[in-house]
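**Student:** Please see the structure below; I have some questions.
The values are calculated or read from the model by the stated rules, or taken from the named source; none is laboratory data. The model shown is predicted, which means the values in this text are computed figures rather than measured ones. In this analysis, Cβ positions are derived from the backbone assuming ideal geometry, glycine residues included, and neighbour counts consider all displayed protein chains. Side chains are part of the model used for accessible areas, which takes the heavy atoms of the whole protein and leaves out ligands, DNA and RNA. Shrake-Rupley method; radii C 1.70, N 1.55, O 1.52, S 1.80 Å.
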Amino acid sequence: MGHWFDRNIVEPGKLPLLLALAAFVLTFAITRVITRMIRAGKGPFGNITPGGVHVHHVVPGVVLSVVGGFGAVASGKHGFAAGAFAVVFGVGAGLVLDEFALILHMDDVYWTEQGRQSVEVVVLTAALVLLVLGGFSPLGVDDLSDDQQQGRLGVVLTLVVNFCFVLIALFKGKVRMAVLGTLVPFVALVGAVRLARPASMWAKRFYRNRHRARSRSVLRAYHHDVRWAGPRRRFQDLIGGAPDRVPARSPKP
């Protein structure tokens, strides 16, 4: 295990990336726990409101991301400083992306339906970083035999082909399948060969004069959304907490 870790993580200089990912995920999890406690009125935590201004945690997150990012660039891939700045960056990125929806909408939508976008972005970011980390730097390890070089070249070619499937899935509007396909190649292949979503760039380009394909795309997207909307919402609520329920407006007299 130690030899594997040194060969695939330490030697290619990916230890700071591993530390940053761990700090990112842990920071997001702790932040969500604290915010849910504040929302429920439990525990010693509370909002920071100096002078009556609510300071969102995206503010210290931006500061930490800037400090950690510049520090990581200056310190290289090895050494204590590289690991320390990677942790600082991971903490900052976790705080920032936890309020991604607030930045996107320029409004406090943390506990609304729009706030679910923060959870989605955090999950997608963690998956992509895990993909980079799990690549084990096929071309960045020293002292490999010819057989090992050929084996790693085969891995690189496989990744390139799968990346093409991922791009096609993205153009077809299947973002979640594309991201999951970066980790599970078969998923990207399925997303690439299936019908595109009706609002995707692929559908606008290739289904413009194919009325039957466009109709099938709309129907399949409808059935898919109806089938998976509930499980997806429950998964998001489990990670980030359920949004506030907006009371229905009474009809005007």
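**Student:** Given a 1.4 angstrom probe, what's the average accessible area per residue across the chain, in square angstrom?
**Tutor:** That works out to 64 Å² per residue.
**Student:** Using each residue's phi in region 207-218, evaluate 6.51 cos²θ - 1.76 cosθ + 1.60 at θ = phi - 60° and report the 3J(HN,Hα) Karplus result to the nearest Hz, with x for Gly and Pro.
**Tutor:** Computed from phi, the couplings for region 207-218 are 9, 4, 10, 10, 5, 5, 5, 5, 5, 5, 5, 5 Hz.
**Student:** At a 1.4 Å probe, what is the % contribution of carbon and sulfur to the accessible area of the chain?
**Tutor:** 68
**Student:** Taking θ as phi - 60°, what are the ³J(HN,Hα) couplings along region 34-47 by the Karplus curve (6.51, -1.76, 1.60), each to the nearest whole Hz, with x for Gly and Pro?
**Tutor:** Each residue's phi maps through the Karplus curve to give 5, 5, 5, 5, 4, 4, 7, x, 10, x, x, 8, x, 5 Hz.
**Student:** Right, here's the next one. Suppose R0 equals 51 Å. What FRET efficiency, 1/(1 + (r/R0)^6) with r the Cβ-Cβ distance, do residue 47 and residue 132 give to the nearest 0.05?
**Tutor:** The computed FRET efficiency comes out at 0.90.
**Student:** Describe numerically, in nm with one decimal, the distance between label points set 7 Å from Cα along Cα→Cβ at residue 210 and at residue 242.
**Tutor:** Each label point is offset 7 Å from its Cα along the Cβ direction, giving 4.2 nm.
**Student:** So which lysines can residue 204 reach, going by Cα to Cα under 16 Å and dropping same-chain residues fewer than 8 places off?
**Tutor:** 172, 174
**Student:** What's the ranking of 24-30, 100-106, 36-42 by average number of surrounding C-beta atoms within 10 Å, highest first?
**Tutor:** 24-30, 100-106, 36-42
**Student:** A further question on this structure: Work out, in µm²/s and without decimals, the Stokes-Einstein translational diffusion coefficient of the chain at 20 °C, 1.002 mPa s, Rh from Kirkwood over C-alpha pairs.
**Tutor:** 101
**Student:** Multiplying the sequence separation of residue 201 and residue 59 by 0.36 nm and subtracting their Cα-Cα distance, what value in nm do you get?
**Tutor:** 47.6 nm
**Student:** If you place +1 on the Cβ of every Lys and Arg and -1 on the Cβ of every Asp and Glu, how big does the dipole about the Cα centre of region 187-237 come out, in debye to the nearest 20?
**Tutor:** Roughly 260 debye, rounded to the nearest 20.
**Student:** Need one word for region 12-74: rounded, prolate or oblate. Basis is the Cα gyration tensor (sqrt eigenvalues a ≥ b ≥ c); a/c below 1.5 gives rounded, then a/b vs b/c decides.
**Tutor:** It comes out oblate by the Cα gyration axes.
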